[in-house]
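Student: Submitted below is the structure of interest, expressed as structure tokens.
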Amino acid sequence: MEYEWIAPCHFGLEAVCKKEILDLGYEIVQVEDGRVTFRGGPEAACRANLFLRTAERVLLKVGAFRAITFDELFEKTKALPWEEWIPRDGKFWVAKATSIKSTLFSASDIQSIMKKAIVDRMKTHYHVTWFSETGASYPLRAFFLKDVVTIGIDTTGDSLHKRGYRKLVSKAPITETLAAALILLTPWKGDRIFVDPFCGSGTFPIEAAMMAAHIAPGMNRSFLAEGWDNLLSKKMWYEAADEAASLVIEPEETDIQGYDIDGDMVKAARENAREAGVDHLIHFQQRPVQALSHPKKYGFLFMNPPYGERLEEKAALPELYREIGERLAALPSWSAYMITSYEDAEKYVGRKADKNRKIYNGMMKSYFYQFLGPKPPRRKYEE
Ligand code: SAH
């Protein structure tokens, strides 16, 4: 049995998520803003939840249709074969409804009307008048875009950026899925030098080290659909977990470093790396960006510097970004990648980025600046 699965991901980074899904061996059905739809058997849910570094969750797509009145929403929801997905004792509710450029937009109305429609459908099918809902959970998500609603059942639970390793966070952490997507957007590979001079809770270096060691991001956590026994089986989850375990390697050559001016942050980063099982692959140390240097060539800098969350910090930004510019100049063979929402970043770094992308970090408009260094001589890094 083949299904369609939806992987919501960061806006603007769909191509990275799409590539990850292709690498897992599934066929892409559609790529839209903020989500990738793909086709695969039931085991795809287990593997996608476990292996995708850039998706926020994995939904089983149950249908999509146009609806501009609540009557239409009710009838078309009721027409879907809910009994194929939700067992008699299943707990089901519309956990989230979003609406963009659509006539129907009231989340609470959409939620209650869809629930009524599903109950109606299932009453007829199961010949009961009341549902105990004591079994596994089947939370639904409905997103309206230009009057077309796409409906999915969530298989993930807590969103996938919660890998289970980040117990301690900085003031402004980057999400794990975004950090992973940004790394995957670059040519960095596990045997190349990786330095984050503003590591905070360690998200960038930890995500990089997990990639270097081929550690699946979901190995440390569980997923909602592990409780399903109608569409997925325990065996599928065990097989996916075995596959993940068999892929883990002890990388031979890594040079991954995380620095921060704040000693408490460095401790937190170390602790998080330990939770992720990669503390032996990362060198963390308290150090200001001003002291950044490295004896080797062709390294990669990943940076998420302060952007002036608080007014008094804003005054220090020109000087800080000037320092960043000086460090870049001192590492001419390196490539540097920086995500920040500071509008004057390039001005004070003193160099125009070779590439720049607008990216939303949560609700905050940010930029991903890419300052590209020369390619290393071929011989050493030949594939
Ligand atoms: N990406 C990180 C968050 C970075 S926030 C995460 O996911 O947790 C910016 C970090 O820069 C803060 O932790 C702050 O302590 C650090 N910082 C501020 N000024 C610095 C400087 N001059 N040198 C090095 N680190 C600095």
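Each value in this text was obtained by applying a stated rule to the coordinates, not by laboratory testing. Note that the structure is a prediction, hence the values are computed from the model and not measured. For neighbour counting, all protein chains shown are included, and Cβ atoms are generated from backbone atoms with ideal geometry for every residue, glycine included.
Student: Explain nothing, just compute: Karplus ³J(HN,Hα) = 6.51 cos²θ - 1.76 cosθ + 1.60, θ = phi - 60°, for every residue of the stretch 29-44 in order, whole Hz, x for Gly and Pro.
Tutor: Going residue by residue, I get 9, 6, 10, 10, 4, x, 7, 10, 9, 9, 10, x, x, x, 5, 4 Hz, with x marking Gly and Pro.
Student: Of the options 302, 328, 292, report the single residue whose Cα projects farthest towards the positive end of the charge dipole of the chain (beta-carbon charges: Lys, Arg +1; Asp, Glu -1).
Tutor: Comparing the listed Cα positions along the dipole, 328 ranks first.
Student: Show the residues, 5+ positions off or on another chain, whose built amide H is closer than 5 Å to the amide H of residue 196.
Tutor: 257, 258, 259, 302
Student: Below 10 angstrom from the Cβ of residue 160, what's the summed charge of the other residues (Lys, Arg +1; Asp, Glu -1)?
Tutor: That works out to +2.
Student: Then there's this: How big is the charge dipole of the chain about its Cα centre, in debye rounded to the nearest 20, if each Lys and Arg gets +1 on its Cβ and each Asp and Glu gets -1 on its Cβ?
Tutor: With only Lys, Arg, Asp and Glu charged at Cβ, the dipole is about 640 debye.
Student: If you add up the charges near residue 373, with Lys and Arg at +1 and Asp and Glu at -1, over every other residue whose beta carbon is less than 10 angstrom from its beta carbon, what do you get?
Tutor: Result for the local shell: +1.
Student: So what J values fall out for the stretch 264-271 if you push phi through Karplus, 6.51 cos²θ - 1.76 cosθ + 1.60 with θ = phi - 60°, rounded to Hz, Gly and Pro as x?
Tutor: Those phi angles translate into 5, 5, 4, 4, 4, 4, 4, 4 Hz.
Student: Moving on to the next point. Calculate the spin-label point distance for residue 364 paired with residue 83, positioning each point 7 Å from the Cα along the beta-carbon direction, and give it in nanometres.
Tutor: Rounded to a tenth, the inter-label distance reads 5.1 nm.
Student: Given a cut-off of 30 Å, name the pairs among 235/358; 314/375; 189/235; 189/352; 116/146 whose C-alpha atoms lie farther apart than that in the structure shown.
Tutor: Pairs exceeding 30 Å: 235/358; 314/375; 189/235.
Student: Sticking with this one: If the only charges are +1 at each Lys and Arg Cβ and -1 at each Asp and Glu Cβ, what is the size of the charge dipole of the stretch 3-154 around the Cα centre, to the nearest 20 debye?
Tutor: 140
Student: How large is ³J(HN,Hα) for each residue in the stretch 205-218, as worked out from phi by the Karplus curve 6.51 cos²θ - 1.76 cosθ + 1.60 (θ = phi - 60°), to whole Hz, x for Gly and Pro?
Tutor: Calculated HN-Hα couplings, in order: x, 5, 4, 5, 5, 5, 5, 4, 9, 6, 8, 5, x, x Hz.
Student: Right, something else. Taking the alpha-carbon distance from residue 347 and a cut-off under 18 Å, which aspartates and glutamates remain once sequence neighbours fewer than 8 residues away in the same chain are dropped?
Tutor: Partners found: 313, 319, 323, 326.
Student: Rounded to the nearest 0.05, what FRET efficiency is calculated for residue 296 and residue 234 with R0 set to 41 Å and r the Cβ-Cβ distance?
Tutor: Efficiency, from the Cβ-Cβ distance: 0.30.
Student: Can you compute the modelled spin-label distance between residue 132 and residue 69, with each label point 7 Å from Cα toward Cβ, in nm?
Tutor: 3.9
Student: Once fully extended, how much extra length lies between residue 316 and residue 106, figured as 0.36 nm per residue of separation less the alpha-carbon to alpha-carbon distance?
Tutor: Computed gain between residue 316 and residue 106 is 71.3 nm.
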